[in-house]
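Reading through the structure tokens given below for one structure.
Read-outs throughout are calculated quantities, based only on the coordinates presented, and are distinct from any laboratory measurement. Source: prediction; values computed, not measured. Here the Cβ is made from the backbone with ideal geometry for all residues, glycine too, and neighbour counts use every protein chain on show.
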Amino acid sequence: MSFTLATWNINSVRLREPLVLKLLAEESPDVLCLQECKSPVEKIPLEGFHALGYTHMVARGQKGYNGVAILSKLPIKDAGGADYASLGHARHVAGQLENGVTIHNFYVPAGGDKPDREINEKFGQKLDYLTEMRDAFRAEKLQKSILVGDLNIAPREDDVWDHKKMRKIVSHTEIEIEHLAETQEAGGFIDITRQDIPEGLLYSWWSYRAKDWDAADKGRRLDHIWGTSDISNAAHSSRVLRDARGWTQPSDHAPVFATFDL
DNA sequence: ATGGTCGGCACCCGA
């Protein structure tokens, strides 16, 4: 069995319902993981998704902020949602497919502007969130698992438009990258996107503030697909749908895809 | 060093 999975920070699932429908209609991933739905679960618009065959969903939501959802053509059962760092935020949901694969969908805290937990509480919360993810993964010994989402960290030099300029910018600081690496290691995860596309600049996010995001191309790879080592060799065909950043009234993130033959 | 743009929601907070 082969299935294609996509992850997309949608920045309001209600406002951008038409873009979700466009993605589902044109690309038809079997599973779509969304972040920043900014909606209570009961207000996520499901009718159009159902009509396209996405009849299954697991989600966590809240009013106005955060929110994660997994839309699926395949049956998926709720496998929980954690509240790491005890923020009271809807930032994680897990679902299990009938083939036994568990999909973890995360929206890691962005971390504010200043990369110093002494003066910026949000940065400390981001690091604590990653530390608690790491500790949970160590305890759980994950198998047959896929982790996706907006991790709000671009770990590699070629995941950002200018490594030197970004070193002190939240999302590309050494301490964040170390925390992310420990979390990845603890879960036994392989970076599937970079397994498939090992070389070259690769981004999934471009700021709304740029005059011409496409020409300036000051991007970052904040959105990730990881797989545990027992299924990482089944993965292929990774890509970023950069075009979606240029759609009408877009999200500032583009969807990331991978296919697994399992 | 600064400001630039969004979305939610009801004033500014978060990104």
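A compact table of results
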quantity: Residues A:Lys211 and A:Gln249, FRET efficiency given R0 of 30 Å [Cβ-Cβ distance, rounded to 0.05]; calculated: 0.95
quantity: Relative frequency of Cα-Cα separations exceeding 28 Å in chain A, percent; calculated: 27
quantity: Around A:Ala82: net Lys/Arg minus Asp/Glu count, Cβ-Cβ under 10 Å; calculated: 0
quantity: Low-density loop positions, trypsin sites (Lys or Arg not before Pro), the range A:131-165 - DSSP coil, at most 13 other Cβ in 10 Å; calculated: A:Lys141
quantity: Exposed-site-free run, longest, chain A (rule: GluC sites (Glu not before Pro); DSSP loop; at most 16 other C-beta within 10 Å); calculated: A:1-97
quantity: Whole-number percent relative contact order across chain A, with pairs defined as alpha carbons under 8 Å at least 6 apart; calculated: 19
quantity: Cβ-defined net charge surrounding A:Asp214, 12 Å radius [Lys, Arg +1; Asp, Glu -1]; calculated: +1
quantity: Candidates A:Trp161, A:Trp247, A:Trp226: whichever shows maximal mean-square fluctuation once chain A is modelled as a Gaussian network with Cα springs under 10 Å; calculated: A:Trp247
quantity: Gain upon complete extension [A:Asp83, A:Glu178; 0.36 nm per residue less C-alpha separation]; calculated: 32.1 nm
quantity: For chain A, built as a Gaussian network whose Cα springs stay under 10 Å, the top-fluctuating residue of A:Thr228, A:Thr248, A:Thr173; calculated: A:Thr248
